[in-house]
Every structure is written in C-alpha cells, then in structure tokens.
Amino acid sequence: MSPRITVIGCDGAPLRAEAAAALAAAGTVAGAPRHLDSVTLPPAADRVEIKVLDDALDAVWSAQGQVAVLASGDPGFFGIVRAIRSRGATPAVIPAVSSVALAFARLGLDWDDALVISAHGRDSRRALAAALAHPKAAILTAPGTARQLGDELAAAGRTVYLAERLGTPDERVGELTAKDPAEPNVLIAVDPTASDRDGPGWLAGHAGVPDGWALPESAFEHRDSMITKAEVRALVLARLAPAPGRAIWDIGAGSGSVAVECARFGAWVTAVEKDPEQCAKIRHNAAAHGVQLRVVAGQAPMALAGLPAPDVIFAGGGDNQVLAATIRAGSPPRVVVTLAAVDRVGQVIRALTDMDYRFDGVQLQASRLSGLPGGGHRLAAQNPVFVLWGERR
C-alpha cells in the first residue's frame, strides 16, 4: 500500500497556508538537505534526506502516516512527481514557482517562445542540439554539465545567462562569463541575432511541425538545379527522422535544401560545404525559412574536426573515400546517402557493410505533370536517384 504523500514546492518564499498545514501534519518529511533546513519541521517528524532518490523513496514507502516531500519549484515540471507516480502513488501536489519561471522573471524576459530542456540525469548532447536549434532555450542542469553546456552555447554565439540557488539568500542570476566558476541550476541561452516571432504565439516552446515539407525547388535559392529534388527529399527526410534534440550532418550540402528542411523539424543541423557561394546560399535559405543551423565551409572529412558527434549523417553523392572517412569520423547510428550513378551503389553498400551497418535502399524515379500548349498535360520524367540508408548494428 502506498503512503499518503504531499509534494510541496519550495521557491524561497514562505510556504502557503495549504503547504504549511500539510507539512505540520506529516510524520515523515523528505527532501534535499537545503530544503529540509529551510523550513521548521514538526518536532516528532522523521527526517529523510534525498541524496540517492531510490533510497529516499524506499524510506518514504516504509513510513507510517502522512508524508511530506519537499522539492524545488514546481515538482511536477521535470521533478519528483514522476518518480513517485512511477511507484504507483498519486500524490497531492502543492507547487511553487518553477525555477525556469523564476529565472526568466529575474532577467525580465518573456518565455512563452522558449524551449525548456532538462539535462539533469540525461544526455547533455541532446540538450545542446535542441538549444542550438532554437533561438531561446532554458536548460535545467546538473553538476558537471552546466559549465560545458554554457561554454558551447557561448561559442555558438548565444548570450548565456545563469541562475543558481534561486529563492535563497545566495541567489545569483546574470550573464555567464568565461571566468565564471558557477555550476548553475538553470542556463538560459538567447540568440542575439534572432528577431521576435511575428505576433503572439499559440504554442509554448517549439514552433511545432512545419505546415508542409519536401518543399518545391522554387522554395530555395540554388545554382543550376543543383538541389535535391522534392520527391527524393521526401524519402530522405523520412529516413533522417529530424526532430528536436537530434544532431544531423549534411555533407556536401549544396544549396542546403535538406539541411533547412531538417532544421524546420527542430533538428540541429551542421551543413558542410566546400563552395563559398553555396555556403552563402545555405545561409540565405536558412534565413528565408527562419531556422537555425550551422554552416561549415570546408571539405569533409577535414572540416569535421571538433564537431559534436551526429545522430545521423546525410551525404548527397560525393567521393566514396570521402564518404567512408566521414562516417568513421562521425560514427553515427544512421547514414542516408543519395546517388545518381548506378555503378556507385555497390561501392557504397560494401563500404557500409565493412563499417558494420545494415543497409537498405530504393531507386526513385518520378514523373511530374507538365502542361501542353493545348491545355492538356503530359508526364515529364525526372532523373532516377538511388537512396541508400544504413543502420549501425
């Protein structure tokens, strides 16, 4: 039988009457040491310090009578409520102001357009990718992750703010500096070059799935039809599966049509292109579609040095040795390749197999409706393209 649990949020302000009453009635009070020290515990209550969560919850489950659990801010927002419910209990929850809301308030920033990410006990690479792909983000951090995340966001041109020990006498909120030793609870990253979206938003955080994809070639500035055609791009996007928190390398990005479309789904894309004119087109197309991505001017694999590892690599053609070296450099779980030449299909399959990828693929050949002078229509065949993909074993 699960205990009767009330989870009380703490934000540094005096407890509300409802929360104070629940605390006074508790026979067991659990919380982080700083939360337990911030309130007056009932004289006869057992004190359970939350240092290792599972151990603390074991103690809570063995308690008799009512239990109060003290937690930061809004405990239903990336907080302890989920862990309690996973054990079969439905707690009463008395929230305080969340740390994210407090941090934005202290900075005087609106945040209905901010992406809120947790890197606490989670893969910090996904948090970084999601934050870089969005012009405004708040990251809940953990010791050992905040400094590195802050440095990488700053290196990418973001203005980074820190918030630590919110609601306490030691509270500190301000811009993160290179010499700052802090390991803050919350990081807020803002792209200073991004303009506010037009009009009030309707969806907090991410802008949502784009209205359409596999956009026509006319939606992008490109050179001499050097662009992945819409029909091919549709299948490529399905295999790349772009999403927030996913890092994608687009190698030999050309005009950037695939990179931009992936970014429209919220992925963090690095477009690698050796032609400076094409790099300019990628930046123009990204700006035209209002997305964040990174352009690296250079030749793979040399240009890949120092880049965070990708979740997936897309390569539109290119030399087989360059492709193999690129895959080795990134070692992604998934690879997608498009080819125009049939004699290269077997070579790429062998390369994927040698690197321990399971492969599959199709040939796509579309015919588009084309108008005739008399008002009729004909089918205009497009060049066939091979789409191959590999999943690492």
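Beta bridges assigned by DSSP with both partners in the chain are antiparallel in approximately 45 percent of cases. Three semi-axes describe the equivalent ellipsoid of the stretch 44-96; taken as square roots of 5 times the Cα gyration tensor eigenvalues and ordered largest first, they are 17, 13, 12 Å. Rounded to the nearest whole Hz, the Karplus-based 3J(HN,Hα) values (6.51 cos²θ - 1.76 cosθ + 1.60, θ = phi - 60°) of the stretch 327-336 follow the sequence 5, 5, 5, x, 6, x, x, 9, 9, 10, with x at glycine and proline. Annotation for A142 and V52: the two label points, set 7 Å from Cα along the Cα-Cβ direction, are 1.5 nm apart.
Residues within the reach of a label modelled at V342 (point 7 angstrom out along Cα to beta-carbon, backbone nitrogen below 20 Å), restricted to the stretch 368-388, are 381-388. Solvent exposure of the chain amounts to 49 Å² per residue of accessible area, where only protein heavy atoms count and the probe is 1.4 Å. Applying D = kT/(6 pi eta Rh) to the stretch 8-118, where Rh is the Kirkwood radius over alpha-carbon pairs, T corresponds to 4 °C and eta to 1.567 mPa s, the Stokes-Einstein value obtained is 88 µm²/s.
Taking every protein chain into account, the 1.4 Å probe leaves R106 with about 120 Å² of accessible area, to the nearest ten. Straight-line cross-link reach from K179 at under 17 Å between alpha-carbon atoms covers these aspartates and glutamates, not counting any fewer than eight positions away in the same chain: D151, E152, E164.
Projected label points at R350 and R393, each 7 Å from Cα along the beta carbon direction, are separated by 1.8 nanometres. For a Förster distance of 45 Å, can you work out the FRET efficiency between the beta-carbons of K274 and R172, rounded to the nearest 0.05? After rounding to 0.05, the efficiency reads 0.50. Annotation: aspartates and glutamates with alpha-carbon distance below 14 angstrom to K274 (same-chain offsets under eight excluded): D250, D319. Fraction of C-alpha pairs exceeding 16 angstrom in the stretch 231-355: 58 percent, rounded to a whole number. Rolling a 1.4 angstrom probe over the chain with all protein chains present gives an accessible area of which 52% lies on carbon and sulfur atoms.
Across the chain, C-alpha contacts under 8 Å between residues 6 or more apart give a mean separation that, scaled by the residue count, equals a relative contact order of 11 percent.
With contributions of -39500 (n - 2.57) from each DSSP H run of at least four residues, the per-residue ellipticity at 222 nm computed over the chain stands at -8000 deg cm²/dmol. Here the Kirkwood formula, the inverse mean of 1/r across different C-alpha pairs, assigns the stretch 303-344 a hydrodynamic radius of 10.9 Å. Rolling a 1.4 Å probe across all protein chains gives R378 an accessible area of roughly 120 Å². Along each principal axis, taking the top coordinate minus the bottom one, the Cα set of the chain gives 88, 50, 42 Å in descending order.
Could you pull the accessible area for I282 with a 1.4 Å probe, rounded to 10 Å²? Its heavy atoms expose roughly 0 Å² to the probe. For the stretch 1-43, the direction-averaged projected area of the alpha-carbon convex hull comes to 3.3 nm².
Subtracting the Cα-Cα distance of H284 and R358 from 0.36 nm times their residue separation leaves 23.0 nm of extension gain.
The values are calculated or read from the model by the stated rules, or taken from the named source; none is laboratory data. On a predicted model such as this, the values are computed, not experimentally measured, just so you know. Glycine gets a Cβ as well: all are built from the backbone with ideal geometry, and neighbour counts include every protein chain shown. Accessible surface is based on the protein model in full, side chains and every heavy atom, while ligands, DNA and RNA are left aside. Shrake-Rupley method; radii C 1.70, N 1.55, O 1.52, S 1.80 Å.
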